[in-house]
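Read-outs: derived from the displayed coordinates by stated rules, not from any lab. Here the structure is a predicted model, which is why all the values come from computation and not from measurement. We place every Cβ from the backbone using ideal geometry, glycine too, and count neighbours over all the protein chains shown.
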Amino acid sequence: MPICVVDPQFRIVEANERFTELYGEWRGHFCYEVYKDRNERCARCGAAKTFRDGKTRQREEEGIDRQGNPTHYIVHLVP
């Protein structure tokens, strides 16, 4: 199971081996760059809401892996 930790600036600060295998190099990158191949934060960013209000959330997301293939995953957001 791919797992990563994102800081309040949305930068990935830790990830496990499976995450690296699926998404590639993450060190120094923002979550939206790695998960979504975007250059800015997502408009409906669940992490931003969790950082703002301290509430735990769970949601389904779609992204892109390191090969350019679509990915579907469940995000668990915990402050």
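Can you tell me which residue in region 14-65 is farthest from the chain's Cα centre (by Cα), limited to those that are of a type in the set (A, V, I, L, M) and within 18 Å of Met1 (Cβ to Cβ)? Break it down into steps so the answer makes sense when it comes.
Within region 14-65, the subset of a type in the set (A, V, I, L, M) is 15, 22, 34, 43, 47-48, 64.
Now drop any that are not within 18 Å of Met1 (Cβ to Cβ), which leaves 15, 22, 34.
On the way: Ala15: 10, Leu22: 12, Val34: 7 Å.
The extreme case among them is Leu22.
Does region 41-55 include one or more residues that are more than 20 Å from Pro79 (Cβ to Cβ) and not β-branched (Val, Ile, Thr)?
Checked region 41-55: at least one residue is more than 20 Å from Pro79 (Cβ to Cβ) and not β-branched (Val, Ile, Thr).
Conditions tested, residue by residue: (1) without any contact (Cβ under 8 Å) to a residue 24 or more places away in the chain; (2) among the small types (Gly, Ala, Ser); (3) at negative phi.
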position: Phe19; (1), (2), (3): yes, no, yes
position: Gly28; (1), (2), (3): yes, yes, no
position: Cys31; (1), (2), (3): no, no, yes
position: Cys42; (1), (2), (3): yes, no, yes
position: Phe51; (1), (2), (3): no, no, yes
position: Lys55; (1), (2), (3): no, no, yes
position: Gly63; (1), (2), (3): no, yes, yes
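Would you tally the residues in region 24-70 being among the β-branched types (Val, Ile, Thr) and loosely packed, with under 15 Cβ neighbours inside 10 Å?
Total satisfying the criteria: 1.
I need the strands (runs of 3 or more DSSP E) fully contained in the chain, keeping only those with at least 1 residues that are of a type outside the set (Lys, Arg) and in contact with a Gly (Cβ under 6 Å, 6 or more places away or on another chain). Write out each step before concluding.
Working: elements: 4-6, 12-15, 57-64, 70-77.
In the chain, the matching strands (runs of 3 or more DSSP E) lie at 70-77.
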